[in-house]
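What follows is a short report on a single structure.
The values are calculated or read from the model by the stated rules, or taken from the named source; none is laboratory data. Just so it is clear, the structure is predicted and the values come from calculations on it, not from any experiment. Cβ: placed from backbone, ideal geometry, glycine included. Neighbour counts: every protein chain shown.
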């Protein structure tokens with residue numbers, strides 16, 4: 001009998017709304033550079049399963065303090081979740097060059113997940129299991145890693161930093177291609193978060209890959225829902241919806257999604273300089289200058305005040321002349 005495929009939301013609004021979340025019992029691959037949103041997304045996923053009352057086993061490769069700090073950024077109290085038994089943590093320090101026996105080491109983690117009745121497994125850094133020499137063995141290593149996890153029936157979220165070396169790029173590419181879902185997170189130069197879906201098993205026809213969308217992050221809340229996919233970042237680092245762009249087209253056109261902000265700034269500056277050379281129509285003859293009072297705040301001086309002052313002086317001169325004639 002074929003295994004029934006189910007989905008569950010993960011706490012990332014654009015992903016949940018557009019694609020209904022991730023697959024239960026399959027591997028979801030999260031990637032991105034440090035500080036680019038990968039850690040925030042992982043915290044949002046943990047927080048979401050906490051709200052769903054799902055038992056999670058997390059395997060961390062960092063100190064507890066760093067993990068707790070990232071979790072607090074999305075409003076997830078890691079210590080509290082651990083205290084009440086909603087989260088169990090295993091630590092595995094990453095040692096460059098270390099090669100683990102994939103099935104044996106994962107078997108111990110899966111056994112612990114079953115012991116505590118966990119339904120979700122979160123691996124913060126998969127490098128200890130994916131280090132392989134020579135790099136030509138990467139495809140087999142990745143297949144063994146993913147198949148072992150999926151055979152367990154656990155809904156698994158695997159995070160992996162973006163690669164630097166050629167070997168790491170090979171492993172990263174295999175994870176992207178062989179995971180049921182692959183999602184990349186990054187930030188632009190204005191600090192806005194973006195999500196790019198690189199791979200998605202059984203994708204619906206109305207979504208094309210890579211599917212890219214902006215994300216709005218609110219401290220202690222994580223990624224929130226009020227950013228439309230068609231929104232674009234402005235010079236203030238905020239998002240404008242299509243309706244807002246109609247109201248303020250100049251501000252919206254200053255930056256466009258996917259364009260280099262530095263180039264856009266230079267373009268706006270050049271256009272601003274060119275505008276000074278546009279021929280202007282001949283102005284109509286200027287009215288006679290109005291005397292400006294020597295004292296007082298000139299910034300508050302107006303034509304109405306000048307006209308009143310002129311009338312006062314005219315009245316005074318007429319009265320003086322009548323008095324001299326009399």
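Note on the range 115-146: residues that are loosely packed, with under 14 Cβ neighbours inside 10 Å and either touching a residue at least 40 places away in the same chain (Cβ under 8 Å) or assigned to a helix (DSSP H, G or I) (or both) total 7. Determine, yes or no, whether residue 167 is at pLDDT below 90 and part of a helix (DSSP H, G or I). Taking the combined requirement at face value, the residue satisfies it.
Checking each residue in the range 1-49 for being assigned to a helix (DSSP H, G or I), more than 20 Å from residue 89 (Cα to Cα) and in contact (Cβ under 8 Å) with a residue 12 or more places away in the chain picks out 13, 14, 15, 17, 18, 19. A search for C-beta distances below 6 Å between a residue of the range 148-177 that is without any contact (Cβ under 8 Å) to a residue 24 or more places away in the chain and any residue that is assigned to a helix (DSSP H, G or I), counting only pairs 6+ apart in sequence or on different chains, returns 163/169; 163/172. Restricting the first member to the range 184-210 and to residues that are at positive phi, and the second to residues that are at pLDDT below 90, the beta-carbon pairs closer than 7 Å and six or more apart or on different chains are 191/237.
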